[in-house]
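**Student:** Mind having a look at this structure? Questions to follow.
The values are calculated or read from the model by the stated rules, or taken from the named source; none is laboratory data. What you are looking at is a predicted structure, and each value in this text was computed from that prediction instead of being measured. So basically every Cβ, Gly included, is an ideal-geometry build from the backbone, and we count neighbours across all protein chains shown.
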Amino acid sequence: MFSRRTAVSGVLALSLLSFSVAACGSAASEGGSTAASASPSAASAQPSLSAETAPAAPLSMTDPWVKSADKGMTAAFGTLVNNTDKEVTVVSATSPAAAEVELHEMAESDGKMVMREKEGGLVIPPHGSHRLEPGGDHLMLMGIKDKVRPGDEVGFTLTLADGGTVTFTAVAKAFAGANEEYQGDGHGSESHEG
């Protein structure tokens, strides 16, 4: 009889515990607060935490734009930003909008300023920036495949010295300046509208 009474007491205790848990659950559904109701917000906080800890790209391009053009050549500009504590060098670039993209600089030749391919690439100092602008360093699109009209978006891929790549999109806009001479390898001088 003693063991039967112990078993009945155990069943009664389990029944009370079940009722207590059910009451807490109904309190939560009526606006009460429980640990279970807090866990969805804790779970939703987790993705933002991982997004904050995601590493930044080593290099980014801010305010990119490309000069509109009907044919031939044009150029892209913007500011390259180094997000690391090491020097980053852009060694080449490509774009589906052109047969070829070269890294260019402006330099003096025979008393006048001309464009030419930039030896050694574009070097961006640690946590620094390098501006690409009309009359200065820029990305030269040669043999554009279609007209580049104001508002068009032109994609680019930059290749870094370490083999990594960075992609960005530049918006085309009309620009009347930057009509420098291009001094290409073995091709003589060409007029450039970028």
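**Student:** From the list 177, 155, 151, which one is modelled with pLDDT under 95 and either part of a loop (DSSP other than H, G, I, E, B) or under 24 Å from residue 88 (Cβ atoms) (or both)?
**Tutor:** Values: 155 fails: modelled with pLDDT under 95; 151 fails: modelled with pLDDT under 95.
It is 177.
**Student:** Filter segment 120-165 for residues that are polar (S, T, N, Q) and out of contact with any Leu (no Cβ under 9 Å at 6 or more places or on another chain); which is surrounded by the most Cβ atoms within 10 Å (Cβ to Cβ)?
**Tutor:** Here the answer is 159.
**Student:** Could you tell me which residue of segment 87-119 is surrounded by the fewest Cβ atoms within 10 Å (Cβ to Cβ), considering only residues that are out of contact with any Asp or Glu (no Cβ under 9 Å at 6 or more places or on another chain) and under 15 Å from residue 161 (Cα atoms)? Please lay out each step first, then the result.
**Tutor:** Narrowing segment 87-119 to residues out of contact with any Asp or Glu (no Cβ under 9 Å at 6 or more places or on another chain): 87, 90-91, 95-96, 98-101, 107-108, 110-111.
Then drop every residue that is not under 15 Å from residue 161 (Cα atoms), which leaves 87, 90-91.
Values: 87: 12, 90: 23, 91: 14.
Once the filter is applied, the top-ranked residue is 87.
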